[in-house]
Amino acid sequence: MASFSYTDWGKIDYAEAFDRQTLLFTNLIEAKLKSGEAQNRLIFCEHSPVLTIGKSGKADNLLIPEVLLKEKGIAYFHTNRGGDITYHGPGQITGYPIFDLDSWGFGLKDYIHRMEEVVIRFLAYYGVRGERLDGATGVWIEPDKKSARKICAIGVKSSHFVTMHGFALNINTDLSYFSLINPCGFVDKGVTSLARELGEMQDFEGAKMKLLALFREFFP
């Protein structure tokens, strides 16, 4: 029996995805507390342009007046994950693992480390070296250089060792949207995508399948 079920929500507005995953998160906690049984789920999706800011986010990391976002067709949400401000949009794999970490017997720190390792291994398929940056979650390219750039953001909420939210991995993402923010609160580091690193657009559906296979390997 698989340790989790996989669903692709396709293109979906952030607000709808938030409501859906919150329901799954709540139901999993209730089931766990009642019976101890977990129905873990991994969801991939692709959002319309949206900026989200986490519980510890600073409002001044949004670099334009909030009223102008609507004119640009960009949604803006204060959300309940960890981390600061980031962008979601077309060409980005946004992943929502609704996982009971007790299913694997590890804590939140190990969970985030495994998610980062999934992305690092994924990038290696393409000959791209992804790395960690001390003191920051996510996956980076050349983290110790002036050219340091983030390719995958991670932000998580957990309760009773059940998780929601997750990661945002830039595949064919329009990176110009990141100029509207200090991504994840950083003012001295850039962002990138797999397409930018390789110099051409990538097979988005194929990338999802590679990523899914690695999740199955690291969360067996």
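The values are calculated or read from the model by the stated rules, or taken from the named source; none is laboratory data. Because the structure is a prediction, the values reported are computed rather than measured. All Cβ positions, glycine included, derive from the backbone under ideal geometry; neighbour counts span all protein chains shown.
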> If you take just the strands (runs of 3 or more DSSP E) that sit entirely in region 1-95, which of them hold at least 2 residues that are modelled with pLDDT of 90 or more and either charged (D, E, K, R) or over 25 Å from LEU180 (Cβ atoms) (or both)?
Replying inline: 5-11, 41-46
> Is there any pair linking a residue in region 4-30 that is within 21 Å of PHE219 (Cα to Cα) and touching a residue at least 12 places away in the same chain (Cβ under 8 Å) to one that is surrounded by 14 or more Cβ atoms within 10 Å (Cβ to Cβ) and hydroxyl-bearing (Ser, Thr, Tyr), with Cβ under 8 Å and at least six apart or on different chains, and which?
Replying inline: GLN21/TYR96; PHE25/THR163
> Any idea which of (1) in contact (Cβ under 8 Å) with a residue 12 or more places away in the chain; (2) surrounded by fewer than 17 Cβ atoms within 10 Å (Cβ to Cβ); (3) on the phi > 0 side of the Ramachandran plot is the one CYS184 doesn't satisfy?
Replying inline: (2)
>> For the structure I just gave you, tell me whether ASN182 is farther than 23 Å from LEU28 by Cβ, of a type in the set (S, T, N, Q) and either at pLDDT 95 or above or touching a His at 6+ places or on another chain (Cβ under 6 Å) (or both).
In response: no
> Taking ILE112 and the conditions (1) touching a residue at least 12 places away in the same chain (Cβ under 8 Å); (2) in a loop (DSSP other than H, G, I, E, B); (3) among the β-branched types (Val, Ile, Thr), which numbered condition does it fall short on, given that it satisfies the others?
Replying inline: (2)
>> Being touching a residue at least 60 places away in the same chain (Cβ under 8 Å), closer than 15 Å to SER158 by Cβ and among the acidic types (Asp, Glu) is the requirement here; does ASP100 meet it?
In response: yes
> If you go through region 132-159 one residue at a time, how many are more than 21 Å from ILE85 (Cα to Cα) and either at pLDDT 95 or above or in a strand (DSSP E or B) (or both)?
Replying inline: 2
> In region 65-80, is there at least one residue being surrounded by fewer than 22 Cβ atoms within 10 Å (Cβ to Cβ), closer than 27 Å to SER35 by Cβ, in contact (Cβ under 8 Å) with a residue 12 or more places away in the chain and not aliphatic (A, V, I, L, M)?
Replying inline: yes
> Of these, PHE178, PHE106, PHE122, which one is surrounded by 13 or more Cβ atoms within 10 Å (Cβ to Cβ), in contact with a helix residue (DSSP H, G or I) (Cβ under 6 Å, 6 or more places away or on another chain) and not in a strand (DSSP E or B)?
Replying inline: PHE122
> In region 185-219, what residues are outside any strand (DSSP E or B) and modelled with pLDDT under 95?
Replying inline: GLY185, PHE186, VAL187, ASP188, LYS189
